[in-house]
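Down below is the structure, laid out as structure tokens.
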Amino acid sequence: MNSMKNKYIFISLMFLPLLSCNEDDLTLTPEGKELDITFYKTEEQIQQAIYAAYDPFQHIIWGGNPFMWGSIASDDAVAGGADNTDQKTYQMADRYTVTPIEDKEDDLYQFWQSRFKIIYRSNLILNFADKNTVVGKKGIAHAYFLKAYAYFELVRMFGGMPLIDKIPTSSDKFPRATVEETWAAIENYCKSALDAGIAKRKNGIDPDGLATEASVQALLGKVYVYQKKYSQAIDILEKVAANPEYELELNYADVFAAGNKHGKESIFEINFTSTDGGTIWDQYVNGNASYTLCGPRTGEVPITNAQFAWGWGMNQPTKKLAKAFDDMGDVVRKNNSIISNDSILKLSPSTSFQNSLSGYWDLKHVRRNGYYTSATQVAQNIILLRLSDVYLLLAEAYNRSGNDAKAREYLNKVRNRAGLPSNNTDSGDALFEKIKKERQLELCLEGDRYFDLLRWGDAEKELTGDAENLALNGNSFSTGLPGKNSNGLFPIPQAEMNKIGNDPNFPQNDGY
């Protein structure tokens, strides 16, 4: 993507995905009131604007899901669902057969739209809020963090992005930055959020249930590790590790407990309620339908004697993942990350399963009894950044910097919580391999695995030639897409390409 410096994305009111939605999507004020520079003045107005900028994280029906892309394109999970046509772009990603399509079921485009909506709404705050006021600085701090996080997710999926820092007009065009330029912009957005004084967690409370200083620090550290800037990563991530407001949950299961919102290990999460915020099947519901999407597929027949409910059977863990737990002797994380058909049948003997491909289901992302009122009205949050991730990033950064003692210290914090013995002997590349495996087991099904394999250069090794993967998916990373021929990148959604037109200044990603 280095050749993209002089390529352009041409943006108009028709081209920009976040501007092609209907007027209600962008309304931040009560209906009938004008939205302009006069709005971003009072604390109430800024707070409304902040919530509006966070809101697209909740637009997860269906492609806006923040964890499935990095799971199903990896060896963690297969798409599952009703059959191999259910949510077709997920299925294509699972099988490495992605082709750019324009379709109402293009989950990639839904993901793209939601992240550019975050960027657009953040830019409204950055352009109109008064940086000289306390309330204005609050809005600006959140806006910078949100832009950083949205671009982080976009760059690792699609490559270099248009860096949009203004409110577009119909005549604007924005160059598609290189990957390196996009990473640099994310770093600067994070630093700007910190400079603006984003709020800190205090006494276990995240102000307004939103991102905090530690959220920004954790994201910035992760961005540094992705770029192999290990000394910078250590400097910033150590601040999170030393923050007394955060610590590992004593029990791994508690990380994902439905009632444990903004727990002591959680650094940034998406909030959901069980109150319907719109038409029950549209993307604007406030409930977390992802947890219905991934539950065990039983034909919507209740599962008896269990603490969780049926679902639509997507993000099914692979046998390879189950074996990785067994090979490690990792009972604690296995039992709280995945669940087998056999285990469900012990609870609910009459249960039958549909399209069970691996014999396992995603237990991290499942509706829990007492926390939902319908398939789309699910009051369970999604954690995007947590402390164990920070510890393992630190372990990686220290190891790659030659300080294996510190690397083992942070690795063992995570292993010991899982009931595994400390690693006191490995060093160098052998230790790095143990850190990689620990990231897979600790963070499985949470969306990092595919992107970890890409940045380590391990994707072709792990995603090619695996018998189970080939049997279920019929293709592999080495021959399919996204894969080796696309540098691991997904295609720019075809709906976006069609709006841009056949412009030589904006080619599709390699391989598509």
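Of the solvent-accessible surface of segment 127-234, computed with a 1.4 Å probe and all protein chains present, 51% belongs to carbon and sulfur.
For V78, the residues whose amide H sits under 5 Å from its own are Q316, T318, ignoring neighbours fewer than 5 places away on the same chain, with H placed 1.01 Å from N.
Among K346/K413; K88/K173; K200/K261; K261/K434; K117/K202; K137/K200, which pairs are too far apart, with a Cα-Cα distance over 23 Å? Numbers along the way, then the final one.
Working: K346/K413 33 Å; K88/K173 32 Å; K200/K261 17 Å; K261/K434 30 Å; K117/K202 30 Å; K137/K200 14 Å.
Result: K346/K413; K88/K173; K261/K434; K117/K202 exceed 23 Å.
Any idea what the dipole of segment 104-240 comes to, in debye rounded to 20, about its Cα centre with Lys/Arg Cβ at +1 and Asp/Glu Cβ at -1? With only Lys, Arg, Asp and Glu charged at Cβ, the dipole is about 180 debye. Taken one residue at a time, the phi angles of segment 340-351 give Karplus couplings (6.51, -1.76, 1.60, θ = phi - 60°) of 8, 4, 4, 5, 5, 5, 5, 7, 9, x, 8, 5 Hz. Gly and Pro are set to x.
Classify segment 166-238: rounded, prolate or oblate, from the alpha-carbon gyration tensor (a ≥ b ≥ c, eigenvalue square roots; a/c under 1.5 rounded; otherwise prolate if a/b is larger than b/c)?
Numbers: a/c = 3.31, a/b = 1.34, b/c = 2.46.
Oblate shape, in that a/c is at least 1.5 and b/c is the bigger or equal ratio.
If each DSSP helix of 4+ residues adds -39,500 (n - 2.57) and the sum is divided by the residues in the chain, what number results at 222 nm, nearest 500 deg cm²/dmol? Could you put the intermediate results ahead of the total?
Values: 20 runs with 214 residues, N = 512.
Taken over the chain, the calculation gives -12500 deg cm²/dmol.
Of the trypsin sites (Lys or Arg not before Pro) found in segment 385-449, none is in coil by DSSP with at most 14 other Cβ atoms within 10 Å of its Cβ. Projecting the Cα atoms of F353, G329, V366 onto the dipole axis of segment 322-372, where Lys and Arg carry +1 and Asp and Glu carry -1 at the beta carbon, places V366 farthest toward the positive end. Please identify every one of the trypsin sites (Lys or Arg not before Pro) in segment 103-152 that sits in a loop by DSSP and has no more than 14 other beta carbons within 10 Å of its own beta carbon. When the trypsin sites (Lys or Arg not before Pro) of segment 103-152 are filtered for loop state and at most 14 Cβ neighbours within 10 Å, K104, K131 remain.
Determine the per residue accessible area of the chain with all protein chains present and a 1.4 angstrom probe, expressed in square angstrom. Working shown, then result.
Numbers: 19120 Å² over 512 residues.
Value for the chain: 37 Å² per residue.
Each residue was assigned an accessible area with a 1.4 Å probe, and for I205 the value is about 110 Å².
Each of (i) 70, 69, 44; (ii) 60, 48, 47; (iii) 73, 53, 44 is a candidate for Cα extents along the principal axes in Å; the one calculated from this structure is (ii).
The values are calculated or read from the model by the stated rules, or taken from the named source; none is laboratory data. Bear in mind the structure is a predicted one, so any value in this text is a computation, not a measurement. Cβ atoms come from the backbone with ideal geometry, glycine included; neighbour counts cover every protein chain shown. Note: accessible area is taken over every heavy atom of the protein model, side chains too, but ligands, DNA and RNA are not part of it. Shrake-Rupley method; radii C 1.70, N 1.55, O 1.52, S 1.80 Å.
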